[in-house]
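Q: Here you go, one structure.
Coordinate-derived values only; no laboratory data. Worth saying up front: this structure is predicted, and the values here are computed from it rather than measured. Positions of Cβ are generated from backbone atoms using ideal geometry, with glycine treated the same way; all protein chains shown enter the neighbour counts.
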Amino acid sequence: MSGIALSRRFFAHISYEKSGLEALFEHIPGVFFLVKDSQGRFMAGNRATRERLGADTPERFLGKTDADFVPGKLVRDFREDDAQVLRTGKPIVNRLESWLDEQRQLRWFLTTKLPLFDKHGRPIGVMAVIRRHEAERTAEPANETTRAVAFVKANLRQRFSVRELARAAGCSERSLHRKIVASMGVTPHELVLRLRTEAAAQRLLSTDEPIASIAVSHGFFDQSAFTRHFRQRTGLAPRKFRLSHQGLME
C-alpha cells in the first residue's frame, strides 16, 4: 500500500470531534481558528475566537455569522474574501486586515483562509487562522527583531537597505534575516513593506490626506507603487480601502 493510501486510510478512521483541528488550536496561544460553511455560518472555532467575539459558549457561536459580532463594513469585506476562496478554491495567505483586540477595538491582524472541500472536490466552506500582526506586540523584550521594527517605524519616510536595517538592529544581515523569518515568517524586506502598509492604512482612515502624499511619506516611490503593494497585502486599492473602512479604526 502506498504512503498516500495509508494516510487516507488512517484519517478515515479518526473522529473529528476528538481529534479535529479545533482541538489542536485550543493549545496554540495567540492564534484564532474558525470554520464557516458556504453560507458564512460558524461551524467551529477555538475558545480564543469565541471569547474574542463575545460568545462565551459554543451554543452562542455555532450557526451565527460575522454579522452577529463585528461592524457591518467588516462583514462585507469578510464575506467578499470568503466568496473569493469558495469561488476559486485557492487560499488567501497572510492578508493584513482589521479585527478585534482584547478590548474589542479594531487593530491589525494577519488572516489566512483556506477552502474546505467535500468528497467530490467541491468547496463547501472556509477555514481561517487569524493572528496578531507581530509588530503590535509591544510587551516582548528588546531584541534584534524588535529593534528592527522600531527602526522601520521611526523611518517610514526614508528608503533604506537591509544592510542599514541590520546595522540599526545590531546584527549582521544574515542573522537579521534568520531571526525575522523565525519569529514572523517573513523576510526583512517583506516586514518593511508590511509595516509601511499598516502605517499608511492607518493614515488613510484617520486623515483626508491625498493618497499620493501618503505614499511618499511612507517610503513608497510613488502612488502607483504604493497602490500595487497595498493591494497585494490588504486585497484592496488604497482609495477603496479608505472608502470602505473610514471611521472603523481608532
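Q: Provide the per-residue ³J(HN,Hα) series for region 51-66, in order, calculated from phi with Karplus coefficients 6.51, -1.76, 1.60 and θ = phi - 60°, each as a whole number of Hz, with x at glycine and proline positions.
A: My calculation for region 51-66 gives 5, 5, 7, x, 9, 7, 9, x, 5, 8, 10, 5, x, 7, 10, 4 Hz in order.
Q: To make sure I understand the rule: partners must be lysines, Cα under 27 Å from the Cα of LYS73, and not fewer than 8 residues away in the same chain. Which ones qualify?
A: Partners within reach: LYS36, LYS64, LYS90, LYS113, LYS240.
Q: To continue, here is another question. Are there any GluC sites (Glu not before Pro) in region 49-118 that are in a DSSP loop and have at most 14 other Cβ atoms within 10 Å? List them by number. Walk me through the intermediate numbers first.
A: Working: sites: GLU51, GLU59, GLU80, GLU97, GLU102; in loops: GLU102.
When the GluC sites (Glu not before Pro) of region 49-118 are filtered for loop state and at most 14 Cβ neighbours within 10 Å, GLU102 remain.
Q: Mind sorting SER224, SER2, SER183 by how few other Cβ atoms lie within 10 Å of their own Cβ, fewest first? Write out the running numbers ahead of the final one.
A: Values: SER224 11, SER2 7, SER183 16.
Listed from fewest to most nearby Cβ atoms, that is SER2, SER224, SER183.
Q: Round to the nearest 10 and give me the degree value, 0 to 90, for the angle of helix 223-234's Cα axis relative to the longest principal axis of the chain.
A: That helix lies at roughly 30 degrees to the long axis.
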